[in-house]
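So that we are looking at the same thing, I have put the structure below in structure tokens.
Here, each number is a calculation from the coordinates, and none is a lab measurement. Values in this document were obtained by computation on a predicted structure and should not be read as measured data. Every residue, glycine among them, receives a Cβ derived from its backbone with ideal geometry; neighbour counts consider all protein chains shown.
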Amino acid sequence: MVSRDEVMAALAAVPGPEGRTPLTESGAISGITIRDGKVFVAIAIDPARAKAMEPMRARAEDAIKSISGVAGAVVTLTAEAARAGATPAHAHHADAPPRRHGRPSEPLPGVKHIIAVASGKGGVGKSTVACNLAVGLAKLGLKVGVLDADLFGPSMPKLFGIHSKPSLAPDGQKLVPLESFGVKVMSIGFLIDEGAPVVWRGPMVISALNQLLREVVWGELDVLVVDMPPGTGDTQLTMAQNVPLAGAVIVSTPQDLALIDARRGIAMFGQVKVPLLGVVENMSYFLCPHCGQRTDVFSHGGARREAEKLGVPFLGEVPLDVAIRANSDDGRPIVASLPESTHASAFLEIARRVADTLAVGAPGAKPAPRIRFQ
């Protein structure tokens, strides 16, 4: 079992960013994760020196690989926010150069479309929708992958019923995604113990997201579905900056409280120029399995009305049903486990509308912008 002390001892022989102080004494190591003999290290650097720091990164990686018992090592450079010594005037000066987090926007080789599934708040079934949307797209004949970008609450391992861990590619540099129901899946949940908290600072989160996105052998994909964390924070901005998103799907329940946050999500994607593929109303209504009576538990039609008011496509409504919950808990997406059910039909229709939009291009689609941090 490789220990953190062994990793630090190996990295002590590597000069840090300024070339003299050992890396372990430079204060640049922003995170170390060790899982099943694989070591992941993030090094915080000045993004303007990223190219010059590549030899240091490679040397650190080689040093870790030389440790007995290490099955693989991935060292990632991540951009730290300005140090406390930076003057406020410079930090807010209108002509100050932009500070970038992560890498500039560029496509993923072999991936035609990347779409985000997001919500303004948690608890609306976003991950369940993302999972079944991906399986639905695969059933339509597309090559599909899912990136679980909800690093603090990864759900895809459970939803897809995956209990194994990804392997390293033959080059020892990238991870091979796991497959389930015809979909390639990558999640931080594969690399940590179930129930273990992810307690990372912002730069480490961004580094991990970049690694899960770009240091994975996705192969040829028609669509990569990204399950976003709820809210409008760092992860959403990083995705908008680092990859050209083809569009976003917003998931909400019908009630006013959820719609307030859904509006924030729609507004956020509008600000970063990511086109909206549409809105999904999840838990739209409940049909009693015994008597067939319909009950609008969380009201009904709120997401449709909100989409119409904002001029955003409405993709469809998904009922609240025990079968969706039970099959999700068992790791069997409803689209795959009960393909003839009305619930699966709802997801398939949503998938079909998303696929049709991607085929012609989402309204207002533009290259992802570079976000200016001040």
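If r is the Cβ-Cβ distance from Ala326 to Ser167 and R0 is 22 Å, what FRET efficiency results, to the nearest 0.05? The partial results should precede the final answer.
Working: r = 31 Å, r/R0 = 1.41.
In this case the efficiency is close to 0.10.
Which entries of Lys184/Lys309; Lys38/Lys143; Lys126/Lys158; Lys112/Lys309; Lys65/Lys184 have Cα-Cα distances beyond 25 Å here?
Distance filter (> 25 Å) returns Lys184/Lys309; Lys38/Lys143; Lys112/Lys309; Lys65/Lys184.
Taking the Cα centre of each part, how many Å lie between segment 100-175 and segment 297-326?
Here the answer is 23 Å between Cα centres.
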